[in-house]
Amino acid sequence: MRWSERVLSIYFSYAAGLAICLPVSVEVRTVSVVLNLTIVAGYALLVHAHALRGRNLLGMMRDWLPLVLLLLAYREMGWLAPRAHSYSLERSWIEIDRLVLRTWHVHDAIEWLGPVVPSILEIAYSLVYATAPFGLAMLYVYGERKRSEQYLLILVLGVLLAYAQFPFWPSEPPRTVFPGDDAPSMQTVFRRFNWFLLGGYGIHTSVFPSAHVSGAFAAAFGAMRALPEKPWVWRTLLVVAALIATATVYGRYHYVVDAVAGLAVSGIALALGLLAGRSSRA
């Protein structure tokens, strides 16, 4: 197995264990355990089939399947949401937000040019799910598919290290816990689109650390690692990641601590990816 596939297999085994240990319904526990163990077994079969057949199509499936499984991992975490939140974490985190947005006037600075910057931030936020496939696609475009594992390992670590923590930091986003508190004054069409997406696809397990931020920066770091000779790719992803991090706080999708923690997680993912690469060459 590739390192990224090992990480995914460990994560889904871990998710199955969480479903057994956490106070969830019997139905959720059963589905989670069966589904996660089936994914692990299916992954092993795919790897074995590729080793036997060596077909290019199977190799491409192994490149792209992690992106699908990351979406599934996100939805699964929603199944483990607690029945109720105490909001103790949120009440402490909001004080930092008020310092940054009000005292430091970040909120006013973003809206100084009217809807221009808020619109840019909301567009960037809506692109969060496009960053991962964009980075992988660029490896294909430049004929460097063989480096996809370097990219995927950092990406997978950046996302799953965030997801794995969700059950231990039960929390809700500021837009629901503190509605109207430092909310954007600019209600653009892009913001309404993001609210629509979150209304249908958001989960209520945790917002800490921000997987939007960790995943976006991990995609940028992964591209920097796998495709250093094309700096425009990782620099573009890095700019988008910075905009996403800002948008999560300004748009009240996340707290400041969520975004900072997400960036830290992506840094850990980069370090682990580099370490795994060195051990593979040794």
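Structure above, values below:
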{"quantity": "Residue check for ALA245: within 21 Å of PHE134 (Cβ to Cβ), crowded, with 17+ Cβ neighbours inside 10 Å and in contact (Cβ under 8 Å) with a residue 40 or more places away in the chain", "calculated": "no"}
{"quantity": "Boolean, GLY180 is assigned to a helix (DSSP H, G or I) and either buried (at least 16 other Cβ atoms within 10 Å of the Cβ) or not aliphatic (A, V, I, L, M) (or both)", "calculated": "no"}
{"quantity": "Test result for ALA109, assigned to a helix (DSSP H, G or I), in contact with a Ser or Thr (Cβ under 9 Å, 6 or more places away or on another chain), under 20 Å from ILE244 (Cα atoms) and not β-branched (Val, Ile, Thr)", "calculated": "no"}
{"quantity": "The range 118-162 - residue that is surrounded by fewer than 24 Cβ atoms within 10 Å (Cβ to Cβ) and among the aromatic types (Phe, Trp, Tyr) and, of those, modelled with the lowest pLDDT", "calculated": "TYR129"}
{"quantity": "Flag for SER171 being touching a helix residue (DSSP H, G or I) at 6+ places or on another chain (Cβ under 6 Å), part of a loop (DSSP other than H, G, I, E, B) and of a type in the set (S, T, N, Q)", "calculated": "yes"}
{"quantity": "Long-range neighbours under 6 Å by Cβ, at least six apart or interchain, first residue over 30 Å from ILE96 (Cα atoms) within the range 256-280, second in a helix (DSSP H, G or I) and modelled with pLDDT under 95", "calculated": "ALA276/TRP3"}
{"quantity": "Options VAL7, VAL26, VAL31, VAL40; residue that is over 27 Å from ALA269 (Cβ atoms) and surrounded by 13 or more Cβ atoms within 10 Å (Cβ to Cβ)", "calculated": "VAL31"}
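The values are calculated or read from the model by the stated rules, or taken from the named source; none is laboratory data. This is a predicted model, so every value here is computed, not measured. Neighbour counts run over all protein chains shown; Cβ positions are idealised from the backbone, glycine included.
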